[in-house]
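The values are calculated or read from the model by the stated rules, or taken from the named source; none is laboratory data. Everything numeric here is computed off the predicted structure, so don't read it as measured data. Here Cβ is always computed from backbone atoms with ideal geometry, including for glycine, and neighbour counts include all displayed protein chains. Heads up: the accessible areas ignore ligands, DNA and RNA and are worked out on the full protein's heavy atoms, side chains in. Shrake-Rupley method; radii C 1.70, N 1.55, O 1.52, S 1.80 Å.
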Amino acid sequence: LGANSDTLASYQVLKAEDLTVSKEVTEENRHGQGSDRLAWFWRINSAEDSQKSEWMNEFYRVNWLKAKARYDRWSEELKLVQHEMCWTVQWFQNQELEWRARADESIKNGHRAYAEKQASMWAEFAAEGIKSFEGKWSMTS
């Protein structure tokens, strides 16, 4: 087409993967968004075209804000899951205490045996939860 060498250096051959639609708009919370790449023609920023430069700056600001929002959502989700781990173990421990109290109050041997079995089961659940969640949570809450 008679383009000079500077123009040819800026533009590349279009490939099929350059023309795929970004899933960021249609699937906002999908897995693996951090690996999305912007096609080369969106990254061309000609110093001579100030309007294009403003558009690119706005484009990068919007993408940065979307990435920050995703990071914030996942940080919040991590905190919630860590608290849920703690709450789960605490609930198991509470169930153990309740069944121990029932065992202590039981008059009949069969009732006491059943309550002790239940307390033991809940204690095992709590111990397994602590073991499974080790290093993934904090017991501060």
Consider only pairs whose beta carbons are under 9 Å apart and that are at least six residues apart or on different chains; among these, list those whose first residue lies in segment 61-82 and is small (Gly, Ala, Ser) and whose second residue is open to solvent by less than 90 Å² (accessible area, probe 1.4 Å).
-> Ala67/Gln33; Ala67/Gly34
For segment 88-119, enumerate the residues that are closer than 14 Å to Phe133 by Cβ and free of Cβ contacts under 8 Å to residues at least 24 places away in the same chain.
-> Gln90, Trp91
